[in-house]
Every structure is written in structure tokens, then in C-alpha cells.
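The values are calculated or read from the model by the stated rules, or taken from the named source; none is laboratory data. Just so we're clear, the structure is a prediction, and the values are computed from it rather than from any experiment. Virtual Cβ from ideal backbone geometry, glycine too; neighbours counted across all protein chains shown. Remember, those area values only see protein heavy atoms, side chains included, never the ligands or the DNA or RNA. Shrake-Rupley method; radii C 1.70, N 1.55, O 1.52, S 1.80 Å.
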Amino acid sequence: EKLDMSTYPVESIRNFSIIAHVDHGKSTLADRLLEITGTISKTDHNKQVLDKLQVERERGITVKAQSASLFYNHEGINYLLNLIDTPGHVDFSYEVSRSLSACQGVILVVDANEGIQAQTVANFYLAFEAQLSIIPVINKIDLKNADPERVEKQIEKLFDIPRDECIRISAKQGTNVEKVLQRVIEKIPSPQCNTADPLKALVFDSTFDHYRGVIANIALFGGEIAKGQKIVSAHTKKRYEVNEVGILTPNEQPTHKLYAGQVGYLIAGMKEVTEAQIGDTLFLFKQPVEPLPGFKSAKPMVFAGMYPIDQTEYNNLKSALERLTLNDSSVTVHRDSSLALGAGWRLGFLGLLHMEVFNQRLEQEYNMSVILTAPTVPYKAVLSSAKLIKEYGKDQITIINPAQFPDKLSVSEYLEPTVLGTIVTPPEYIGKIITLCQDRRAVQKDILYIDENRVMLKYLFPLNEIVVDFYDALKSLSSGYASFDYEDAGYQSADLIKMDILINGNPVEELATIIHNDKAYAAGKLLCERLKETIPRQLFEIAIQAAIGKKIIARETLKAYRKNVVAKCYGGDITRRMKLLKRQAEGKRLMRKIGNVEVPRDAFIRVLKRETDK
């Protein structure tokens with residue numbers, strides 16, 4: 001049965017998101033709201049209904065923002081509420097900012113036990129800058145350690161929201177959740193748009209279906225859309241015919257039409273993955289409109305090489321990557337190839353968790369197992385040689401791959417990316433955390449006591465110092481209480497060098513890394529030790545060295561296999577033994593001259609993979 005959406009005029013529509021720190025109960029609150037409005041039936045199985053991906057179920061986190069439409073009757077009027085549940089991790093803040101573009105208000109959830117944490121602050125400012133109305137909700141008041149009074153004080157001090165506006169709820173037990181819905185209707189404005197205007201729809205998300213092609217999630221900013229209409233994409237200028245429109249309740253529910261202010265999905269026979277660009281504007285054929293501003297593209301913070309385990313899988317992996325990047329538009333893809341690992345890609349991610357989740361989704365949804373190299377960050381070099389400037393056409397180049405690192409003589413300075421990190425922690429861990437930050441070359445910018453059990457520290461970090469294991473180190477130092485969030489802070493000049501790995505004097509291209517001068521020695525030593533364990537022994541000696549330019553900074557020697565040449569000597573003169581050993585040493589030296597060390601592929605994989613054994 002198709003729904004008739006014309007009974008919901010713009011005035012009775014509310015679009016809102018739920019934002020919070022990780023694990024403060026966003027998805028659980030979404031479940032209760034879905035139950036109260038009768039969108040899903042009440043059972044004990046409703047646990048994070050909107051987290052549909054297998055990754056989300058296994059890890060218990062939200063990765064994709066999911067939308068759902070709810071129908072609610074308040075004081076005799078039927079309202080249509082479009083809810084978007086968002087992720088909480090810093091890696092997925094791009095999803096949050098995209099969701100906010102389709103909303104007029106947010107519910108800010110804070111855990112009554114934990115209080116305000118780093119991501120709460122970051123998400124609040126995202127909503128505040130987008131000028132959305134904010135409804136503060138204090139969740140988990142059923143816990144025995146809950147202290148809603150303290151949390152209200154924190155909210156008042158940090159966000160300037162009066163204490164009496166906070167709603168205390170328990171999303172798990174459903175206490176007071178009805179009040180949240182009423183507050184949404186009273187406080188959040190209806191969308192500013194008109195059905196009489198020409199069609200203008202924003203694509204804010206999209207997925208790929210094997211049978212129906214691309215399914216685009218759209219928010220209508222004007223006009224109406226129905227099956228059979230001819231629409232045009234502002235980005236690709238291609239024409240499509242609408243096959244189906246509908247709303248998500250969280251499952252797809254076809255409708256006759258969608259009207260201005262509503263949020264729903266659209267299937268229009270887009271077969272190519274690249275056609276549904278997120279942030280694109282759709283309009284009716286021959287009725288062009290001014291395209292919506294769209295989204296600023298996400299800035300990748302971490303790069304890693306991705307290669308198929310077997311080169312015959314290359315094409316399958318390529319199509320899997322295309323489909324997955326459609327659903328997760330914040331990944332950037334560049335073609336890349338390596339002598340040891342063959343053809344592959346260089347992918348840019350928003351963070352390490354993002355990289356792991358992406359890899360896991362490739363395995364689970366597309367059955368692809370891949371080799372991921374160690375993550376690196378994008379550096380820049382300011383060129384000084386006129387020849388190079390002419391070659392590149394600009395005086396500043398970005399270096400993603402260590403192989404492209406320009407020589408020191410032709411560069412006036414190297415730049416590395418920095419981030420502004422916010423750490424919220426109980427005061428007893430401050431000493432340890434400050435030491436950790438100083439070890440990571442960070443500069444303290446600010447320290448603020450929110451109340452007697454919460455401190456907010458602001459630091460300027462070089463990105464490559466926090467990319468691999470900073471978060472784990474912070475959690476273990478603070479028994480899990482400290483939370484961390486970061487935002488991009490531009491580039492700063494740094495003393496960077498390229499470290500080569502030589503095996504018997506020959507550089508191995510894949511193992512070259514860009515590193516800060518102070519950290520080169522330790523990293524070189526670690527890498528040499530790791531290679532010594534993974535390269536198989538030969539009949540001749542192998543020297544594994546880490547070098548900066550011509551200077552060797554670390555060395556490990558892999559001893560040769562040796563036959564016991566003096567086994568046949570029973571007593572006799574010492575000169576006899578010496579002669580045999582000397583002949584053997586001579587032979588080994590000759591062999592080393594002509595011997596060629598092939599580093600086996602699995603040794604590369606073991607060394608290039610992230611250091612888990614630190």
C-alpha cells in the first residue's frame with residue numbers, strides 16, 4: 001500500500017538529528033522514538049535497529065548515519081518527524097556534518113554517568129555553527145552512579161544552555177522519552193520551503209543495490225517528485241526517469257509522491273556508481289535551479305596502500321571498491337603500483353578506525369581480502385629549484401608516497417600536517433597525559449577546568465604522531481576515562497627526512513618511509529630488527545641497514561648458513577683448519593658478490609602491516 005504524503009504540509013514536518021559522544025545512547029534513543037511512534041513494534045529484540053551493517057552489529061558502534069520517518073500525533077495534529085541517527089566517533093564526524101545539512105534541529109544526548117566528553121563538545125559546535133536549534137537530553141538516569149545534577153551544571157557552563165531546558169531520560173527503560181518528542185515539535189522549526197517552487201533535492205547519502213542500481217537518499221528543499229518524472233543531476237548533467245520514491249521507516253516504504261521539506265529515497269535507474277555524487281542537486285528536466293552548496297569534500301587524514309592478495313583479483317576488487325566508496329564518500333582513491341605488491345590503490349581515510357571499518361566491510365560485504373600497508377599522512381614540500389617548479393607547475397607539492405619525496409637540495413622547507421586535539425579527562429590523570437603529549441611533539445594551547453572532575457586540554461599535535469597508537473595509549477593511561485577528539489589545523493614546517501632500507505647495499509623501494517629527524521634512529525632500528533626476523537637466511541651473509549642519504553643509522557646482520565668444513569679434521573695441525581675456514585670465507589664472499597636477495601612477498605606484508613607488537 002503506497003502512502004499519500006500530501007497530508008503532511010511543510011508546517012507539520014520536523015527534521016532532526018541525534019548527536020552525542022560514543023556510547024552515550026544515540027541508537028537506543030532512536031529505538032525508543034521508533035517504538036513510541038509505532039514505526040516498529042515493541043519487542044525485546046529492538047536493540048540498535050538503525051545499525052544495519054554487520055560491522056556495526058559486531059563492534060557495537062554506528063558507522064553510517066541512518067534516517068527514518070516517524071508519524072506522531074501531538075494535540076490533534078499529525079506530524080511527520082524525520083530522524084537521522086549519527087555516528088559518534090571522531091573518524092565519522094563527516095557523516096555528522098552531512099546529516100546536519102538535512103536538518104533544522106538536533107537532540108544533543110549526554111550520558112548522566114560520564115558527563116560531557118570530547119566528542120560532545122565537537123558535535124555541539126558543528127550544530128551550533130549550522131545555526132540549528134539544540135535540545136539537550138541527559139540519558140542513562142537509571143544507572144546507580146548517574147549524577148544528572150552535575151551534568152546539567154557542565155552543560156550550562158560549557159554550552160550556555162539554561163539548566164531547566166535539559167530533559168532527563170532513560171532511553172533503555174523508556175522513561176520520559178515521550179517528552180523529547182513533544183519538545184522536538186515545540187522547539188525545532190519546520191523547514192523553510194514551498195511545494196509550489198520548482199523541484200530542488202539534495203542527495204545526502206546513497207547505497208548500491210545489485211538489482212535496482214543506486215538508491216539515493218534525498219532531502220527536498222522545494223517542489224515535489226513523483227514516479228515517471230524526468231530529472232537531471234546538476235553534477236553530471238545526465239537525465240533520468242524516476243522509477244520509485246518513498247520514505248524510510250527504517251525500511252523502504254514506497255509513496256505516490258514526496259513533497260518539499262520531506263526526506264526520503266529515490267531510485268532512478270542510475271547504473272554507474274559514480275553517478276550519485278553525495279552533495280549533488282537534482283531538478284526537473286527543463287526547469288533548472290541554482291544548485292545547493294553541497295558539502296565540502298572530506299579531508300583524508302591517513303593514507304594507506306591497498307593491494308589485492310592475488311593480482312588476478314584486481315578487477316573484482318576494483319568494482320567492490322567503487323561500490324563501497326559510493327556508500328562511504330569520504331574515502332579518496334588514487335591508482336598506485338609497487339614492485340613487490342603489484343597494482344593497487346592509495347586510499348585516503350579520515351582516521352584509523354575508519355580504515356579498519358572500511359577493510360572489514362570489504363571483507364564482509366564483498367568477500368575481498370586485501371593487503372593494507374602501514375598508514376602514512378600527507379606531507380608537503382616547498383620547492384626551491386626552478387627546474388622542479390616548472391615540472392610540477394607549482395611551488396608546493398603534496399607527498400602521499402615516500403617514493404616521490406624530493407631531495408633536500410631542491411626544497412626550501414618540508415611541511416607536515418597538524419591537528420588541534422581536545423582531551424577531556426578526570427584531573428588525576430593530567431600529569432601522565434601531559435607527558436604523553438610532550439613525547440608526541442605536541443604543543444599545549446589551553447587548559448580549562450569544566451568542574452571538579454573534568455578538565456579539558458587543548459594541544460597542537462603533528463598528525464603522524466597520533467595516527468597509529470595515540471588513542472590506545474591515552475585510553476590505557478587514563479583507565480579508559482579520557483576522551484579524545486581532533487580537527488584539522490593546517491600545515492607547519494618540520495625537519496623531515498626520507499629513510500631508506502638497504503639490503504646488501506641495494507635500496508628496497510617499498511620500505512622507504514618519511515619520518516621526523518628526531519624519531520629516525522628508533523624507527524630504523526625497529527624496522528631492521530623486524531626484517532631480520534622475516535627474511536629467510538641464505539648461504540651468504542645479508543646486511544640489513546637503515547640509511548638517511550648516505551649515512552647508515554642502524555644495521556642488523558643475518559648470518560649465513562654454514563657447512564661444518566672442519567668436521568673431517570681429527571686433531572692434526574691448526575694450519576689445516578685455518579686453510580679450510582679461509583677457503584670457506586672466500587667462497588662466501590664471492591657468493592655475496594653475485595648473490596641477489598629477493599625479499600619474499602609475505603615478509604613485505606608482515607613488515608608493512610601496522611606494528612601491532614609494539
For LYS563, counting only lysines whose alpha-carbon sits under 16 Å away and dropping same-chain residues fewer than eight positions off, the answer is LYS579, LYS582, LYS588
Using alpha carbon centers only, the range 130-154 is separated from the range 296-319 by a whole-angstrom value of 41 Å
The helix 177-187 Cα axis meets the longest alpha-carbon principal axis of the chain at an angle in degrees, between 0 and 90 and rounded to 10, of 70 degrees
D (µm²/s, integer) via Stokes-Einstein for the range 356-427, Kirkwood Rh across alpha-carbon pairs, 4 °C, 1.567 mPa s: value 83 µm²/s
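Accessible area per residue of the range 5-187 at 1.4 Å probe, in Å²?
Values: 7040 Å² over 183 residues.
With all protein chains present, the range 5-187 gives 38 Å² per residue.
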Hits in the range 322-353: amide N under 18 Å from the 7 Å Cα→Cβ extension of LYS238, namely 322-329
Computed from the beta carbon distance with a Förster radius of 41 Å, FRET efficiency for ASN316 and ALA543 to the nearest 0.05 stands at 0.55
Taking a ≥ b ≥ c as the square roots of the eigenvalues of the Cα gyration tensor, with a/c under 1.5 meaning rounded and otherwise prolate when a/b exceeds b/c and oblate if not, the range 200-284 is rounded
If one compares the long axis through the Cα atoms of helix 314-327 with the longest principal axis of the Cα atoms of the chain, the angle in degrees, nearest 10, works out at 40 degrees
1/(1 + (r/R0)^6) with r = Cβ-Cβ of LYS394 and VAL333, R0 = 30 Å, i.e. FRET efficiency to nearest 0.05, evaluates to 0.85
With R₀ set to 30 angstrom, the calculated FRET efficiency between the beta-carbons of LEU409 and GLU509, to the nearest 0.05, is 0.90
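What does the helix-only formula give at 222 nm for the chain: each DSSP H stretch with n ≥ 4 adding -39500 (n - 2.57), the total divided by the residues, and the result rounded to the nearest 500 deg cm²/dmol?
Working: 15 runs with 162 residues, N = 614.
Dividing the helical sum by the residues of the chain leaves -8000 deg cm²/dmol.
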When every protein chain stays in place and a 1.4 Å probe is rolled, LYS579, LYS286 sorted by accessible area with the largest first are LYS286, LYS579
Ordering THR207, THR575 by the accessible surface of their heavy atoms, 1.4 Å probe, largest first, yields THR575, THR207
So, with points 7 Å from each Cα along the Cβ direction, the LYS52-GLU428 label distance in nm works out to 4.5 nm
The lysines whose Cα lies under 25 Å from the Cα of LYS445, excluding any fewer than 8 residues away in the same chain, are LYS153, LYS157, LYS299, LYS380, LYS432, LYS458, LYS475, LYS519
For the chain, the longest principal axis of the Cα atoms and the Cα long axis of helix 118-129 enclose an angle in degrees, to the nearest 10, of 50 degrees
Shape descriptor, the range 112-164: equivalent ellipsoid semi-axes (Cα gyration tensor, sqrt 5λ, whole Å, largest first) stand at 21, 11, 9
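Could you work out how much longer the chain between SER384 and ARG576 gets when fully extended? Use 0.36 nm per residue separation minus the Cα distance between them, nm to one decimal.
Working: separation 192, 0.36 × 192 = 69.12 nm, distance 6.33 nm.
Roughly 62.8 nm would be gained on extension.
Take the Cα gyration tensor of the range 504-589, multiply each eigenvalue by 5, square-root it, and list the three semi-axes largest first, rounded to whole angstrom. Provide the component values of the computation, followed by the final result.
Values: eigenvalues 275, 29, 23 Å².
The answer is 37, 12, 11 Å, longest axis first.
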Cβ-Cβ cut-off under 11 Å around SER369, Lys and Arg +1, Asp and Glu -1: the net charge is -3
Taking alpha-carbon centroids only, the range 545-572 lies from the range 427-490 a number of Å equal to 45 Å
Classified through the alpha carbon gyration tensor (a ≥ b ≥ c as square roots of its eigenvalues; rounded if a/c is under 1.5, else prolate when a/b is larger than b/c, else oblate), the range 379-494 comes out prolate
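For the chain, what D do you get in µm² per second when you plug the Kirkwood radius from alpha-carbon pairs into Stokes-Einstein at 20 °C and 1.002 mPa s?
It comes out at roughly 78 µm²/s.
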Taking Cα atoms only, Rg over Rh for the range 432-578 with Rh from the Kirkwood formula is 1.23
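Express the C-alpha Rg of the range 5-187 as a ratio against the empirical globular expectation 2.2 N^0.38 Å, rounded to two decimals.
On the way: Rg = 15.4 Å, N = 183, 2.2 N^0.38 = 15.9 Å.
Compared with the compact-globule rule of thumb, the range 5-187 sits at 0.96.
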Expressed in square angstrom to the nearest 10, the accessible area of THR398 with a 1.4 Å probe stands at 70 Å²
Share of accessible surface on carbon and sulfur in the range 5-187, whole %, 1.4 Å probe and ligands ignored, is 45 percent
SASA check, ILE574, accessible area w/ 1.4 Å probe, all protein chains in place, rounded to nearest 10 Å², comes out at 100 Å²
